[in-house]
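The values are calculated or read from the model by the stated rules, or taken from the named source; none is laboratory data. Source: prediction; values computed, not measured. Here the Cβ positions follow ideal geometry from the backbone for every residue, glycine too, while neighbour counts run over all protein chains shown. Each accessible area value is taken on the protein alone, full model and side chains, heavy atoms only, with ligands, DNA and RNA left out. Shrake-Rupley method; radii C 1.70, N 1.55, O 1.52, S 1.80 Å.
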Amino acid sequence: MTRPKPTVALYPGSFDPITCGHEDIARRALSVADRLIIAVASTSTHVKSSVFDVPERVELIREVFAGEERIEVKSFEGLLVNFARQQGATLVVRGLRAVSDFEYELQMAQMNQELWPEIETIFLVPEARFSFISSSLVREVAKLGGDVASFVSPPVLERLSARLRRG
Ligand code: PNS
């Protein structure tokens, strides 16, 4: 009897920086996929001012998920669907925090489906206590001196504080 092929899911995003909400989605994704690749995009549809460069974001996410054998962290350039195909991933995971996320997410999912019909996007919902957290708000609050300790993991907090101290 042949074993079924392991399901590989891709969780793409900017992750600048990874938040507790992202971590929750990644852990939830392990219940629907055998392996998860967290994919840090060099090109995001949203133009933002970044705090961490892509290699730093990858390093931070690796620290956050150290010891989690089913999660890999990679960066990619170019189209998400090309990277997914190259990695053998058939699922794209995205988090939905609120109705306001939906329009953008639906548009991306349908564009990706158009570009590569074999890809499926699934939306996972984070725990309610993470629903208001976004990387952009974490960056803004941290830059303005607010406490973001409950929104990001300790390694992220440490690196964020050091980066902002340096200015
Ligand atoms: O965390 P973000 O910034 O909302 O993630 C957006 C991301 C990175 C998933 C999206 O911009 C993307 O897939 N970028 C890669 C380039 C690409 O494939 N663009 C077409 C998407 S429909």
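Below, the figures for the structure above:
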read-out: Answer residue from the range 111-121, given it is open to solvent by 60 Å² or more (accessible area, probe 1.4 Å) and in a helix (DSSP H, G or I) and is nearest to Arg28 (Cα to Cα) among those; value: Gln113
read-out: Sole residue being open to solvent by less than 80 Å² (accessible area, probe 1.4 Å) and free of Cβ contacts under 8 Å to residues at least 60 places away in the same chain, chosen from Leu124, Leu96; value: Leu96
read-out: Residue list for the range 144-160, filter: of a type in the set (D, E, K, R) and either touching a helix residue (DSSP H, G or I) at 6+ places or on another chain (Cβ under 9 Å) or more than 15 Å from Val64 (Cβ to Cβ) (or both); value: Asp147, Arg159
read-out: Tally, over the range 137-167, of residues that are of a type in the set (Gly, Ala, Ser), within 17 Å of Ile61 (Cα to Cα) and open to solvent by 60 Å² or more (accessible area, probe 1.4 Å); value: 1
read-out: Qualifying residue in the range 144-157 (condition: assigned to a helix (DSSP H, G or I), in contact with a Gly (Cβ under 6 Å, 6 or more places away or on another chain) and of a type outside the set (Val, Ile, Thr)); value: no
